[in-house]
1. What FRET efficiency, computed as 1/(1 + (r/R0)^6) with R0 = 25 Å and r the Cβ-Cβ distance, is obtained for Ile18 and Asp45, rounded to the nearest 0.05?
2. For Ser129, Ser83, which order do you get if you count the other beta carbons within 10 Å of each Cβ and list the fewest first?
3. How much length, in nm to one decimal, is gained on full extension between Lys177 and Asp71, taken as 0.36 nm per residue of separation minus their Cα-Cα distance?
4. Quickly estimate the mean residue ellipticity at 222 nm for the chain, helices only: each DSSP H run with n ≥ 4 gives -39500 (n - 2.57), and the total goes over all residues, rounded to 500.
5. Using Stokes-Einstein with the Kirkwood hydrodynamic radius over Cα pairs, what translational diffusion coefficient do you get for the chain at 4 °C and a viscosity of 1.567 mPa s, in µm²/s rounded to a whole number?
6. Please compute the Kirkwood hydrodynamic radius of region 3-78 from all pairs of different C-alpha atoms, in Å with one decimal.
7. If you average the sequence gap of Cα pairs under 8 Å that are 6 or more apart and divide by the length of the chain, what percent do you get for the contact order?
8. If you split all Cα-Cα distances of region 82-204 into 5 Å bins from zero, what percentages do you get per bin, shortest first?
Amino acid sequence: MVNRISEGAEAFIYGIRILGIDAVVKYRAAKRYRIAEMDKRIRSDRTKKEARIMTAALEAGVNVPSVLFVDEYDICMSRIDGSGLNALAASKTIAKSIFRKLGVCAGRLHNAGIAHGDYTPANVMMDSSGEPWIIDFGLSEMTGSMEDKALDLLLMKRSINTMQFRAFADGYKAQGKDAAGVMKRLGEIEKRGRYQTRTLLAEDDPAD
């Protein structure tokens, strides 16, 4: 039996049962606005890349779904029994230790040269034992860029409160090999953002 779990901008997520195992299939749907041959190549390349990065993340010691098999436009992976961190945050207070663990996971990903690309609570599942699992590597890249890694931290920082981010940063600093450099780059990105905001406000000021 196949049932659709969710639909995103790029893919459909289906729940299936295969060989007695509960699994999930991520299917990249065709985009009619793209030239057909280009669309096929893009979808196939992104599917293969995501599967490779998920496997690398698992080998780096991060809780991610296991890739069971990969087809041209599909990734079949193990299903995580649990709830999304966003849903839990809306219903009760989340322990700071969870965010420290998310910082550790980010450090391990970055140590392995992986930038998640959308590292927010929306892409974290909590299992029944309270352990976080990182999902949706559709925007991920293999990279050594400090900027890409700092953007992962910025996305998380903008999605949680100050106390939670402190716990996250503690975990990241304890695990990330280049944590000091990435945190410094995070500060630089935030300064750039504030400068750009002030510049835009000044340009719109009718007194000028």
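Bear in mind that the values in this text are calculations on the coordinates, not laboratory data. For clarity, every value in this text was computed on a predicted model and none was experimentally measured. Reconstructed Cβ throughout: ideal geometry from the backbone, glycine too, with neighbour counts over all protein chains shown.
1. Values: r = 25 Å, r/R0 = 0.99.
After rounding, the FRET efficiency stands at 0.50.
2. Least to most surrounded, the residues fall as Ser129, Ser83.
3. 34.7 nm
4. Details: 6 runs with 101 residues, N = 208.
Mean residue ellipticity at 222 nm (helix-derived): -16500 deg cm²/dmol.
5. The calculation lands on 70 µm²/s.
6. For region 3-78, the Kirkwood estimate is 13.1 Å.
7. 18
8. Values per bin, smallest distances first: 2, 12, 21, 23, 18, 12, 7, 4, 2, 0, 0.
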